[in-house]
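**Student:** Have a look at the structure that comes next, please.
Throughout, read-outs are computed from the coordinates displayed, never taken from laboratory work. Because the structure is predicted, anything quoted here is derived from the model rather than measured. All Cβ positions, even for glycine, are placed from backbone atoms using ideal geometry, and neighbour counts span all protein chains on display.
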Amino acid sequence: MELYDLDRFHVNIGRGPAVILARLADHGLVTFNGLASRQELVEFARTLGTIYQHRDSQGDGVTVVADQAAQGDGYLGLTNSALTLHTDRSGVAAPPGLIILYCEHKAEDGGLSTFTDGARVHATLDGQTLDALQRAHSAIFFGGDEPYRGAVFEPVGGPGRVALRFRYDSYGYFAPDVVEALPHWWEAVNAHLIGFRLNPGSGYIVQNDRWLHGRTAFVGSRSMLRVLIDAPEMPKGFRAISA
Ligand SMILES: [Fe+2]
């Protein structure tokens, strides 16, 4: 994993939503600082789109991601365990476009935010692996009201554009040829894995249908605030770079 400073992805949120959304449309991942409270976070999120309500979120749409010693797949986020790279809400037809994670308290040790750019993975996979991962109905994701039958890479929002959807737990199931392709997938995902550590008052915004996100295991009272956003002004997915 390549470790980065937050500065590498920094966007000045004072420049307004149009600048932030443009940076996200280009890169799919930005970091920010300068928000002092949960209330400021919610107000900021509303400038980017509509806040998406989640099973675990509270009335303002904020989910407190902390170790609550939760039980079972689908609740691993609410423990101090590592979180395998995934996209959020993969089991619903229209997952939220953006995720904000804002750091209230950082871990004593561990708890790095981890990412892989799905556009880079897509660009480096061999044809056979890609064929399996983008074949319609080659994956089933649970977690929504009904199973979502789709694929890891799906055409979306215009010619050459691709959306990413992935989870690797008991809510995600794959056709045999996808299972056979998964070692190639993980090899590419791990080759492009990056990470950084959020500090209190800083956060990241990630494009959910382009980047995988996860975290490393941690000790201490790490507390993050998560807001999911439907951002209609963001282009869906990413433009595939043909080999
Ligand atoms: Fe997540």
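**Student:** In 10 Å bins starting at 0, how do the alpha-carbon pair distances of the chain split up by percent?
**Tutor:** 8, 33, 39, 19, 2
**Student:** Just to be sure I understand the model, the point goes 7 Å from the Cα along the line to the Cβ. What's the resulting E187 to T84 distance in nm?
**Tutor:** With each label placed 7 Å out from Cα toward Cβ, I get 1.9 nm.
**Student:** While we're on this one: Please identify every one of the trypsin sites (Lys or Arg not before Pro) in the stretch 29-92 that sits in a loop by DSSP and has no more than 12 other beta carbons within 10 Å of its own beta carbon.
**Tutor:** Answer by residue number: R55.
**Student:** Shifting gears a bit: Determine how many Å³ per residue the convex hull of the Cα atoms of the stretch 122-168 encloses.
**Tutor:** 83
**Student:** Just how many % of Cα pairs in the stretch 187-243 lie over 13 Å apart, if you round to the nearest whole percent?
**Tutor:** 75
**Student:** Which ordering of S170, S113 is given by a fewest-first count of other beta-carbon atoms within 10 Å?
**Tutor:** S170, S113
**Student:** Another question about this same structure. Charges only on Cβ, +1 for Lys and Arg, -1 for Asp and Glu: so what's the dipole of the chain about the Cα centre, in debye to the nearest 20?
**Tutor:** Computed charge dipole of the chain: roughly 440 debye.
**Student:** Please work out how much length the chain gains when fully extended from V92 to R8, using 0.36 nm per residue of separation minus the C-alpha to C-alpha distance, in nm with one decimal.
**Tutor:** Difference between extended and current length: 27.0 nm.
**Student:** Relative to the longest principal Cα axis of the chain, at what angle does helix 38-48 sit, 0 to 90 degrees, rounded to 10?
**Tutor:** Value to nearest ten degrees: 50.
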